[in-house]
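Remarks on the structure that follows.
The values are calculated or read from the model by the stated rules, or taken from the named source; none is laboratory data. Remember, it's a predicted structure, so these values are computed and weren't measured experimentally. Backbone-built Cβ (ideal geometry, glycine too); neighbour counts: all protein chains shown. The accessibility values were calculated without ligands, DNA or RNA, using every heavy atom of the protein model including side chains. Shrake-Rupley method; radii C 1.70, N 1.55, O 1.52, S 1.80 Å.
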Amino acid sequence: MGRPAQRLGVVGNDVPRPVVLAHGAVPVRLSGAWSGPVSARAAALLGAVDAAAARLLDGLLEGPKDGRLEGLAGLVVCHDSAAHLRLFYVLRVLADRGDLPVPVHLLDAPRCDDPVTGRPDPEGPRVRFVERSYHRLAEFCAGLTGRRPTSHDLAEAWRSDEQVGTALARLRDRRAGQHVTGTAALGAYRAAATLPPTDALAAIAGEVGDDDAVPIVVTGSNHPDASVYAEIERHGACVVAEDHDTGDATWIDAADEGGCDGDGDLDALIGALARRHARRPPAASRSRSSVRAEHLLATVRRTGARGVLCLARAHDDAPAWDAPVQDAALRRVGIPFVARTRIGDDPLAVAAAATDELVAAATAREAGR
């Protein structure tokens, strides 16, 4: 394609990757961490917010040479959580002052749910709002790369992202049979969200799971690193699925009906992506708790999981609000549910104790059948 692709930093899970790829850039998802210090500066700038976002801000403040900005041409921050919106406002002020050496763009793509039912509505007015947001993202990308995509670029971007999505769909199927550890799956999702499509395909593999482990689903906060999953799986569980946005809810789709062929244009690509956005799984910060509980229950049934573990960080309130409704839905079908919310220091110890409790409950349920 000529010039090497630029790298575009992405905060959040709403960026339509084919739009970025078609403009000659690679979207690179940036995340914080489950643990580690938060500087006084980041705490003062963001206030009381999910610590993962504060740790990400610390990484960005380190600058382009040693920090998270290294090699990035710009940043896109998604309005998919209150923490990310607050982070955007801080970054915009820093950029205006010259304290941030790259431009920052806000992507506002609300969930396209029917206001009455809370169900996805691919034909509703919010889809058109999302389309306009995607067009603004396309203009931002064009300004960074100096490139307007041809129909070939659009088709290739769609095809390559679908290939990654198809590989991830196969990985999800393998996880349901405990043929892949949750820790390895989380690494595959991270590769898919940070690498060029060809490199991501090569990285999506997975370690063999443990047949003797208790299969569980994880809900709650997203997992910016694999440390907590590794601790969960050291304590006798295998994470066969999850509903957070650094795992199964990562927005990289497998092939489906429709798409972008060689005669397509940017409007057609964006329209198809906005309709796909409308069909995405429910998100903690944007969807009703009842819809989230139904989706979680469907995931448990699909995977044959024997328990659900909810882990939510302090100041990440949306997953904590979902937990009672999820617990009630699972209780009706006899699936154990263990929740830990407002997790601050020492998340590994919290995860270990919660996993021990869930494994014991799932084992006792099986023994009592």
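Quick notes on this structure:
- Estimated from the Cβ-Cβ distance and a Förster radius of 22 angstrom, the FRET efficiency linking ARG301 and ALA352 is about 0.20.
- Label point distance in nm, ASP267-ALA33, each placed 7 Å from Cα along Cα→Cβ: 4.8 nm
- Length added when fully stretched, ARG331-ALA202, from 0.36 nm per residue minus Cα-Cα: 42.4 nm
- 5 angstrom amide H check on ASP113, placed H, neighbours 5+ away: ASP121
- A convex hull fitted to the Cα coordinates of the chain yields 130 cubic angstrom per residue.
- Relative to the longest principal axis of the Cα atoms of the chain, helix 317-332 runs at roughly 40 degrees.
- Percent of Cα pairs exceeding the 18 Å cut-off, where the set is the range 181-274: 54 percent
- Here the accessible area of the chain is 52 percent carbon and sulfur, with a 1.4 angstrom probe and all protein chains present.
- Measuring between their Cα centroids, the range 106-184 and the range 213-245 lie 24 Å from each other.
- Accessible surface for the chain, divided over its residues, is 42 Å² per residue with a 1.4 Å probe.
- Once the Cβ-Cβ distance of ALA255 and ASP210 is raised to the sixth power relative to R0 = 35 Å, the FRET efficiency obtained is 0.65.
- Summarising the amide proton neighbourhood of ARG340: residues at separation of 5 or more, or on other chains, whose placed amide H is nearer than 5 Å comprise CYS310, LEU311, ALA312.
- In degrees, nearest ten, helix 51-61 long axis to first principal axis of the chain (Cα): 30 degrees
- Peptides 207-215, 233-241 ordered by average Cβ neighbours within 10 Å, highest first: 233-241, 207-215
- The trypsin sites (Lys or Arg not before Pro) of the range 1-100 meeting both criteria, a DSSP state outside H, G, I, E and B (loop) and at most 15 other C-beta atoms within 10 angstrom of the site's C-beta, are LYS65.
- Computed from phi, the 3J(HN,Hα) profile of the range 229-236 under the Karplus parametrisation 6.51, -1.76, 1.60 (θ = phi - 60°) reads 4, 4, 5, 4, 6, 6, 10, x Hz, with x in place of Gly and Pro.
- The chain: angle of helix 82-97 to the longest principal axis, Cα-based, in degrees nearest 10: 30 degrees
- Rounded to the nearest 500, the helix-only mean residue ellipticity at 222 nm of the chain stands at -15500 deg cm²/dmol, with each DSSP H run of n ≥ 4 adding -39,500 (n - 2.57).
- Under Stokes-Einstein, with the Kirkwood radius over Cα pairs as Rh, the value for the range 1-103 at 20 °C and 1.002 mPa s is 152 µm²/s.
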